[in-house]
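Working notes for the structure below.
The values are calculated or read from the model by the stated rules, or taken from the named source; none is laboratory data. For clarity, every value in this text was computed on a predicted model and none was experimentally measured. Cβ coordinates were reconstructed from backbone atoms using ideal geometry, including for glycine residues, and neighbour counts include every protein chain displayed.
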Amino acid sequence: MKKRIENFYGFEKRLLSCLKRNWPVLFVFCIASCTIQNTINRDGYKSIPPKFSGKFYDQLDTLRVQYDNRISTSSLMKKISNISNVDYSKPIQIDIKDKELFVSYDDAQAKRHVLKFYGKRYKNKFVFYTNYETISFPIIFISKEMTKYSIYLPSDKEIIFEMYSVNEAALLFFGGGNSHGSDNKFKLLPNE
């Protein structure tokens, strides 16, 4: 038993001396492992004009959960409006006028719906939020839930909707959160 304790103390001394010598490398490794991102160069994208109008077809994607037998569907309009009866055979109309975004679509009962979002132009994109909620009791509890959409024009014939969602919370000095994002890329229909 005494020999095991001596071996453990020897191992502990070697580990601590190794950490003392290599702490800068370990620190940089930890920071780098937490900040790796998949960056996309968007410098070549066109700037969205102050008055923009376009049409595109949204599509319904079928998603299967890997560890379950459930099958679900997803589309841009389902994400933005949380409405499942969108008529996907008709194009979606998008109009951007200064700081307002109008999204028009038809549902399965042939009714026309118009969604209005307020946003802003930032560099070469238009940014709007569908959900932004914060709860704050300073130091004790802080919570943030946000869903942000960015609209890009990579060319005259394409449009990209980028969704970024963040959920964060902190209680006293302990906190956690998650974030995820997705891109929807569509071909713009020629103007009639």
Practice prompt. Working only within the stretch 150-177, note down all residues that are under 17 Å from the mean Cα position of the chain (by Cα) and among the acidic types (D, E).
Written response: E162, E168
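For the stretch 67-76, check the following and say yes or no: at least one residue is under 30 Å from S47 (Cα atoms), at pLDDT 85 or above and not β-branched (V, I, T).
Checked against the condition, which is being under 30 Å from S47 (Cα atoms), at pLDDT 85 or above and not β-branched (V, I, T), the stretch 67-76 yields no hits at all.
What residue, of L188, L171, is surrounded by 11 or more Cβ atoms within 10 Å (Cβ to Cβ), farther than 16 Å from L76 by Cβ and touching a Phe, Trp or Tyr at 6+ places or on another chain (Cβ under 7 Å)?
Values: L188 fails: farther than 16 Å from L76 by Cβ.
Selected residue: L171, the only one of L188, L171 that is surrounded by 11 or more Cβ atoms within 10 Å (Cβ to Cβ), farther than 16 Å from L76 by Cβ and touching a Phe, Trp or Tyr at 6+ places or on another chain (Cβ under 7 Å).
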Discussion item. Can you tell me which of (1) modelled with pLDDT of 90 or more; (2) out of contact with any Phe, Trp or Tyr (no Cβ under 8 Å at 6 or more places or on another chain) is the one Y149 doesn't meet?
Written reply: (2)
Practice prompt. Report yes if I94 is assigned to a helix (DSSP H, G or I) and surrounded by 15 or more Cβ atoms within 10 Å (Cβ to Cβ), otherwise no.
Written response: no
Worksheet item: Looking at the stretch 162-192, which of its residues are within 28 Å of N124 (Cβ to Cβ), part of a strand (DSSP E or B) and either out of contact with any strand residue (DSSP E or B) (no Cβ under 8 Å at 6 or more places or on another chain) or of a type in the set (G, A, S) (or both)?
Response: S165, S179, G181, S182
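Identify all residues within the stretch 178-192 that are of a type in the set (A, V, I, L, M) and over 24 Å from the mean Cα position of the chain (by Cα); write none if there are none.
Hit for the stretch 178-192 is L189, nothing else.
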Worksheet, complete the sentence: When (1) among the β-branched types (V, I, T); (2) at pLDDT 85 or above; (3) surrounded by 11 or more Cβ atoms within 10 Å (Cβ to Cβ) are applied to T134, the one that fails is (3)
Worksheet item: Only one of (1) out of contact with any strand residue (DSSP E or B) (no Cβ under 9 Å at 6 or more places or on another chain); (2) surrounded by 15 or more Cβ atoms within 10 Å (Cβ to Cβ) fails for D106. Which number is that?
Response: (1)
